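For reference, the structure discussed in these notes is given below.
Since every read-out is calculated from the coordinates, none of them should be taken as a lab result. What you see is a predicted model; the values in this text were computed from it and never measured. Don't worry about glycine lacking a Cβ; one is built from the backbone with ideal geometry, like all the others, and counts go over all protein chains shown.
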Amino acid sequence: MILSTEGCLTAGKIITTHGLRGEVKVYPATDSPEDFKRLKEVIVKKGARQSRHKLEKAVRFKNVLIVKLSDIDDVETAKTLVEGLILADREQFKELEENRYYEADLIGMKVSDERYGELGVLSEVLHTGANDVYSVRREGKKDLLLPAIRSCILDVDVENKAMKVHVLDGLMEL
């Protein structure tokens, strides 16, 4: 059965099983793993397969969460979910502070620079230790990697899917 994932955001990725009772370890895709606990119902998407579950439990364990989903009661069933994404309706997530964005809202944005004009489309957000890095896919050229810092990201217009940036000296390969 194909479930509608329109309006959903990625909450995390299932990385392995935990124990014998169907629990899984999830790497959260949220800034605060505590946000995960607010979710009531989720969709697990792995390839073309999708399934809807109630979130019964989410407990922080080091840098991951131990999650119990409804209808997943044994390790064998849990194994079929490993590498799957956990999606949830946008309404279940909290409102973000100013200048904070969900990755899903950034992907696909047209990126332009004050000097170079239109650069390409934001295709991926890379998570590094110090700050995120935005990968901008450029036609016929190598992807441009931009640090997600105030001096580089000037304006983000989620509604119009547009981002204005300042490419720092030395980053641009023409």
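Details
- 12 Å beta-carbon shell around residue 44, net charge (K/R +1, D/E -1): +3
- Order by protection proxy (mean Cβ within 10 Å, highest first), peptides 85-92, 160-167: 85-92, 160-167
- Nearest-0.05 FRET efficiency for residue 114 and residue 145, computed from C-beta distance (R0 25 Å): 0.85
- Each of 140, 59, 86 was scored by the projection of its Cα onto the charge dipole of the chain, and the greatest displacement toward the positive side belongs to 59; charges sit on the C-beta of Lys, Arg, Asp and Glu.
- Mean-position separation - Cα centroids, region 43-73 and region 119-174, in angstrom: 32
- Here region 8-92 is assigned +1 on the Cβ of each Lys and Arg and -1 on the Cβ of each Asp and Glu. Its dipole about the Cα centre then comes out at about 100 debye.
- Each label was represented as a point 7 Å from its Cα along the Cα-to-Cβ direction; for residue 160 and residue 94 these points are 3.1 nm apart.
- Built from the Cα atoms of the chain, the convex hull projects on average onto 11.5 nm², one quarter of its surface area.
- Linear extension gain, residue 169 paired with residue 75, 0.36 nm per residue minus alpha-carbon span: 28.7 nm
- Loop sites in region 1-89: GluC sites (Glu not before Pro), DSSP, at most 11 other Cβ within 10 Å: 6, 83
- Counting only Cβ charges, +1 for Lys and Arg and -1 for Asp and Glu, the dipole size of the chain around its Cα centre is about 640 debye.
- Helix-derived mean residue ellipticity, 222 nm - over the chain, DSSP H n ≥ 4, -39500 (n - 2.57), to 500: -1000 deg cm²/dmol
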